[in-house]
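This report concerns only the one structure given below.
The values are calculated or read from the model by the stated rules, or taken from the named source; none is laboratory data. This is a predicted model, so every value here is computed, not measured. No Cβ is skipped: glycine too gets one built from the backbone with ideal geometry, and neighbour counts run over all protein chains shown.
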Amino acid sequence: MNLASTILLAFAMSTDAFAAAIGKGATLSKPRIREALRIGIIFGVIEGLTPVIGWALGRAASQYVSEWDHWIAFTLLVVLGLRMIRAGVVGPEPDTPKPESHSFWLIAVTAIATSIDAMAVGVGLAFVDVDIVFTAAAIGLTTTLMVIFGVMLGRVLGSIAGRSAEMFGGVLLIGIGAFILYEHLSGAA
């Protein structure tokens, strides 16, 4: 795999994390760059590790991972998306300010859900001549940068659109999950 392919793969793997980051940024009370960096690093590390895990699993038992990866991603993204939609519809209790930051676990679960496809890509890379460490580092770094930008963009969109931005973020997560599922079930992946 050449450098151009690695860069394209890194951007492709970070797009769903970017979309999720917009939703995360919209639900926070004016996130600062420090919080965006924190979220970006968590997403980037997880997104960078999952292709390596997939690559190792692909070497060991590719048929088991590829049979279920899309269902796992779909379920996690739908649950998180429904949670965001519910929060947008119900809204916070009166006089409850938006949080300054998200918990590590909420960020990690979202990052895992959006990186299941990177694990599946890692499985595929197990059968190709590729430097998995370089490829995973490229995916992790690109995801970190895209998520930082997404959180800050979500800050702007959240202040403009309010609760509807959170609902949109939830719909976006469900859409990403549905697309992953469709891609695998239709044989497009």
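Tallying residues that are without any contact (Cβ under 8 Å) to a residue 40 or more places away in the chain and either β-branched (Val, Ile, Thr) or not in a helix (DSSP H, G or I) (or both) within region 1-42 yields 2. Hey, residue 145 hits all of (1) at pLDDT below 85; (2) under 23 Å from residue 45 (Cβ atoms) but one; which does it fall short on? The failed condition is (1).
Identify, by number, the condition in (1) closer than 25 Å to residue 119 by Cα; (2) modelled with pLDDT under 75 that residue 6 doesn't meet. In the conditions (1) closer than 25 Å to residue 119 by Cα; (2) modelled with pLDDT under 75, residue 6 misses (2) alone.
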